[in-house]
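Quick notes on the structure that follows.
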Amino acid sequence: MKSFTFERATTPAQAAAAARTPGAKFIAGGTNLLDLMKLQIEAPTHLIDVNGLALDRIEATPEGGLRIGALVRNTDLAADARVRRDYGLLSRALLAGASGQLRNKATTAGNMLQRTRCPYFYDTNQPCNKRQPGSGCAAIGGFTRQHAVMGTSEACIATHPSDMAVAMRALDATVETVRSDGTTRSIPIVEFYRLPGDTPDVETTLTPGELITAVTLPKPVGGTHIYRKVRDRASYAFALVSVGVIVQRDGTGRVALGGVAHKPWRVETAEAELPRGAKALAAQLLADAKPTHENAFKLPLVERTLGAVLAEARG
């Protein structure tokens, strides 16, 4: 373990200002960061503990939605009566992730910012453009069964690991932040995550030192909420494919996919095909797919999972 300095912030502005220190990182639950530090994939020189920032509340907004503090634990968010009633997709996605012990520690912001579980990213003996920009991507030409089929580039084919982020994308969440200069902003989730392009190490539109303070959900849209995760084990495994849907009585709705891209995958124009069924919908969602020979199975798996989910939604 490399040495680092440590401080406990008491306000979001203080935490963001402290992040001006070169090599600084925020830490809350630490369920991902500590593992990365042990493997020396992340080597922060300064840790800022944000657990004392009083960002652990779920509050109604004047617009009829919910404002979820960045430090709300995954267990508490999944169990909240308002989330279960009005945003069931989010509750179901959270319960599909990790284990009970990890959900007790993991935070809303930390879940959204967790890094890929690509095995080449975790193996420091392998080149990885996420870990060391410009070094190459060992996954390309390697073992790619769990990797992305959409939005890939010649620099990276990793997937985003978060179940919660898939639900947030379908729900049109907004990410609230404070920058190191004290200014605040709201980022629609459609603009929050980035595709890899030539800079896969830059995973979000956050600026250096920018702190997430909350995630806001708009007014509930009703409908039937379903999250289905297909994985190699019944629990404590990341998605090969996941499907989050909100289906209305007239057959319209929203669809977001996990396990297929560098970010939660949603194509709003494809949702017009939802009333026509899984085959038509999948054809639009996966129109530009670039699978490898090892993960081409994800394309029919998406279609079959969509079919099962839509059948369940329609009763």
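Here is how the numbers come out for the structure above:
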read-out	value
Theoretical ellipticity at 222 nm over the chain - DSSP helices of four or more residues, -39500 (n - 2.57) apiece, nearest 500	-7000 deg cm²/dmol
Reach of residue 298 by Cα under 25 Å, taken over lysines that are not fewer than 8 positions away in the same chain	130, 229, 263, 279, 290
Set of aspartates and glutamates near residue 2 by C-alpha distance (under 15 Å), chain-local residues within fewer than 8 positions excluded	35, 42
Percent accessible area from carbon and sulfur atoms, the chain, protein chains only, probe 1.4 Å	50 percent
Counted charge near residue 153, where neighbours are those whose Cβ lies closer than 14 Å (Asp, Glu -1; Lys, Arg +1)	-1
Formal net charge of residues neighbouring residue 17 (Cβ-Cβ distance under 12 Å; K, R +1; D, E -1)	-1
Accessible area of the chain divided out per residue, in Å², using a probe of 1.4 angstrom	45 Å²
Given the chain, longest segment not containing exposed loop chymotrypsin sites (Phe, Trp or Tyr not before Pro) (DSSP; at most 14 other Cβ within 10 Å)	5-142
Relative contact order (%) - criterion: Cα under 8 Å, at least six apart; region: the range 264-315	37 percent
Entry for mean projected area of the Cα convex hull in nm² (calculated from the structure that is shown) out of (1) 23.9; (2) 17.7; (3) 15.6	(3)
The range 198-299: trypsin sites (Lys or Arg not before Pro) falling in loop per DSSP and having at most 12 other Cβ within 10 Å	233, 249
GluC sites (Glu not before Pro) restricted to the range 212-313 and DSSP loop, no more than 15 other C-beta within 10 Å	294
Euclidean distance between Cα centres, the range 133-149 to the range 1-78, Å	29 Å
Cα shape, the range 116-270, gyration tensor, a/c 1.5 rule	oblate
For the range 256-304, Kirkwood radius (reciprocal of mean inverse C-alpha pair distance, Å)	11.2 Å
Positive minus negative residues near residue 309 (Lys, Arg vs Asp, Glu; Cβ under 14 Å)	+4
Of the DSSP H helices in the chain, those whose Cα atoms cover at least 30 Å axially and whose Kyte score averages 0.5 or more	none
The chain: most fluctuating residue of 151, 23, 141 per GNM, C-alpha cutoff 10 Å	141
Rg/Rg_globular for the range 192-269, with Rg_globular taken as 2.2 N^0.38 Å and Rg from C-alpha atoms	1.35
Relative contact order of the chain, defined on C-alpha pairs under 8 angstrom at six or more residues apart (%)	18 percent
Alpha-carbon centroid distance for the pair the range 176-210 / the range 153-170, whole angstrom	15 Å
Low-density loop positions, GluC sites (Glu not before Pro), the range 140-218 - DSSP coil, at most 14 other Cβ in 10 Å	154
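The values are calculated or read from the model by the stated rules, or taken from the named source; none is laboratory data. Note that the structure is predicted; figures quoted are calculated from it, not measured. Virtual Cβ from ideal backbone geometry, glycine too; neighbours counted across all protein chains shown. Each accessible area value is taken on the protein alone, full model and side chains, heavy atoms only, with ligands, DNA and RNA left out. Shrake-Rupley method; radii C 1.70, N 1.55, O 1.52, S 1.80 Å.
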